[in-house]
Amino acid sequence: MAKDILDVGGFTIIKRIGTGARSTIYLATNEVDSTKVALKRVIFERQEDSRIFEQVRTEYKVAQKIDHPYVRKCYELRKMRSMFKVKEMLLSMEYFDGKNLEDCSTLSLGDVLLVFRMVASGLNAMHQHGFVHCDIKPNNILINKSGSIKIIDLGQSCKIGTVKPRIQGTPDYIAPEQVKRKPLGPKTDIFNLGATMYWALTGKHAPTMIPKKNKLGLPIPEPRRAPHELKKQLPTGISKLVMDCIKDDPAHRPRNMMTVMSRLDLMVHSIFGGKIKTNKNASNNN
């Protein structure tokens, strides 16, 4: 732990809870109201760190505009300067005590569908506010013991219609329009979500436009097999939704995230019947 992190005014550091690209995340207490928060600390060490700083600024700005129970909130962004340059940032965020989807290996099919129904609801809220997440993947979905979720890491988010100056995204979940640097929109998140569902249901990654490579650095051709072909017990309806979401042509994907939510609702109902009700408040808080 860096020695000066303990001197951050207004917060009492409890422990370090995670690390990322040039960042460290701490569990802390806000001394004003005694609430627990997650503090993301980033330090500028070399020129390429400017991208990390850019993402932290983006995460804060976008989160300020979204108020939804499934999207992590950001409270405050502090910038520490040295010689007139920002050398360090501290982002205060909502603390959510959960594991990322990648570490939740014991979920039933019904639980997986409920998780993705909540994720789709959170993404739909972002879309209605004019933003795209652009990096949905298992590590950016947190799940707590009660089964609720948080979408995290809005650092690559952008306004609908944005054309990014460089390729951004996670290779195993990236949409073709992200690779081709075309305008990004809600259907970009639909692809990312579909690729994440593919992994959650099959344990394998759907082939994307950034192919796997062999030891010689040559691309390995991979067929895109439907989930129910890999896992025979999966209902074909669920498999079809996933494959519709990861169509290369955005025009062939579901029309919007509301359509994805409706199809997930039907599948959840078919599994649980009348035993469970969709969280209407969360669904409508968009």
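The table below lists the values:
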| quantity | calculated |
| --- | --- |
| Among the candidates LYS99, LYS73, LYS85, residue that is in contact with a strand residue (DSSP E or B) (Cβ under 8 Å, 6 or more places away or on another chain), closer than 18 Å to ARG57 by Cα, among the basic types (Lys, Arg) and surrounded by fewer than 22 Cβ atoms within 10 Å (Cβ to Cβ) | LYS73 |
| Residue check, LYS65 at negative phi, under 17 Å from the mean Cα position of the chain (by Cα) and exposed (fewer than 14 other Cβ atoms within 10 Å of the Cβ) | yes |
| Residue in the range 13-56 that is modelled with the lowest pLDDT, counting only those that are surrounded by 14 or more Cβ atoms within 10 Å (Cβ to Cβ) and polar (S, T, N, Q) | SER23 |
| Residue tally, condition among the polar types (S, T, N, Q) and in contact (Cβ under 8 Å) with a residue 12 or more places away in the chain, over the range 208-232 | 1 |
| Residues of the range 143-178 satisfying the condition of being within 13 Å of the chain's Cα centre (by Cα), free of Cβ contacts under 8 Å to residues at least 60 places away in the same chain and farther than 21 Å from LYS213 by Cα | ILE143 |
| Qualifying positions in the range 175-194 - among the hydrophobic types (A, V, I, L, M, F, W, C), in a helix (DSSP H, G or I) and buried (at least 24 other Cβ atoms within 10 Å of the Cβ) | ILE190, PHE191, LEU193 |
| Residue in the range 154-174 that is surrounded by the fewest Cβ atoms within 10 Å (Cβ to Cβ), counting only those that are under 21 Å from ILE66 (Cβ atoms) and of a type in the set (A, V, I, L, M) | ILE160 |
| Answer from ILE238, ILE271, ILE210 - the residue that is in a loop (DSSP other than H, G, I, E, B) and in contact with a helix residue (DSSP H, G or I) (Cβ under 7 Å, 6 or more places away or on another chain) | ILE210 |
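The values are calculated or read from the model by the stated rules, or taken from the named source; none is laboratory data. These numbers were taken from a predicted model, which means no experiment stands behind them. Cβ coordinates were reconstructed from backbone atoms using ideal geometry, including for glycine residues, and neighbour counts include every protein chain displayed.
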